[in-house]
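In what follows, a single structure is set out as structure tokens and then discussed.
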Amino acid sequence: MKIQNILNAIFGITLATLLFVYFNEKPSSQNVEVNIPKTSKIDINKKPMKVVYVNIDSLYKHYDYYLDLKKQLETKGDKLESEIKTQMNKLEVDFKGYQSKAREMTQEQLQKAEQEMGMREQNLRKKQELASKAVLDEQEKLNKLFRGKVDKYLEILSKKNGFDYILLNMDGGAILYSNQEYDITSTVINDLNDSYKQEKK
């Protein structure tokens, strides 16, 4: 059970839905009168903004806390998948045994065996659905833990260094070009891993 594939599928479905709604929304044919309020002058500090970025793909690959969470989730998913696969194999063996004895069974026995096979198959499918949901729920929980640690650290880092924005850069993301001079990924990964090592002691 590949967790990353599940996440990519969920993200893709969500994005596709948003795009569909956006491009298919019909504008209102009625003339809407808009009252534009009086605008006020906003004084903005003339100093240049300090903007840096973090490569989220590198963070996923090298942040030990995330890797441990991922391993924990994959272990749970593999265990559930193995249990269901074992039960499916057992059902298949029993079904073949039932087929080999079908000619020797009475009509009543055949109906009873078919009902039993059907019920077991239905229960297995239900278990499979529940297992998939359990993995997704666990993934959401672990993602919140991961994001919470990263967000808290980046907030402290921003205040300490006077950063106005910290952007997340990723393959296929919204940032088309980034100057590596403003890449703080290595610093972020090192700091987070050092902090995680201290927590584990």
If a residue has to be modelled with pLDDT of 85 or more and β-branched (Val, Ile, Thr) to count, how many in region 89-119 make the cut?
-> 1
Out of region 152-185, which residues are touching a residue at least 40 places away in the same chain (Cβ under 8 Å) and outside any loop (DSSP other than H, G, I, E, B)?
-> TYR153, LEU154, ASN161, TYR165, ILE166, LEU167, LEU168, ASN169, TYR182, ASP183, THR185
Provide a single number: the residues in region 49-69 that are in a strand (DSSP E or B) and surrounded by 14 or more Cβ atoms within 10 Å (Cβ to Cβ).
-> 4
Cβ pairs under 7 Å, 6+ apart or interchain, first in region 73-91 and over 19 Å from LEU142 (Cα atoms), second part of a helix (DSSP H, G or I) and open to solvent by 60 Å² or more (accessible area, probe 1.4 Å), ordered by first then second residue, are ILE84/LYS127; ILE84/GLN128; LEU91/ARG120; LEU91/GLU121
Out of all the residues in region 129-156, which are over 17 Å from ASP64 (Cα atoms) and open to solvent by 20 Å² or more (accessible area, probe 1.4 Å)?
-> GLU129, LEU130, SER132, LYS133, ALA134, LEU136, ASP137, GLU138, GLU140, LYS141, GLU155, ILE156
On the given criteria, is LYS200 open to solvent by less than 70 Å² (accessible area, probe 1.4 Å) and of a type in the set (Lys, Arg)?
-> no
Give the number of residues within region 93-113 that are surrounded by 13 or more Cβ atoms within 10 Å (Cβ to Cβ) and charged (D, E, K, R).
-> 1
How many residues are open to solvent by 100 Å² or more (accessible area, probe 1.4 Å) and of a type in the set (A, V, I, L, M, F, W, C) when one looks only at region 175-188?
-> 1
Unique match (being among the charged types (D, E, K, R), modelled with pLDDT of 90 or more and over 12 Å from VAL54 (Cβ atoms)) among LYS200, LYS160 = LYS160
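The values are calculated or read from the model by the stated rules, or taken from the named source; none is laboratory data. In this text, all values refer to a predicted model and were calculated from it rather than measured experimentally. We place every Cβ from the backbone using ideal geometry, glycine too, and count neighbours over all the protein chains shown. Areas reflect the complete protein model, heavy atoms only, side chains present, ligands, DNA and RNA absent. Shrake-Rupley method; radii C 1.70, N 1.55, O 1.52, S 1.80 Å.
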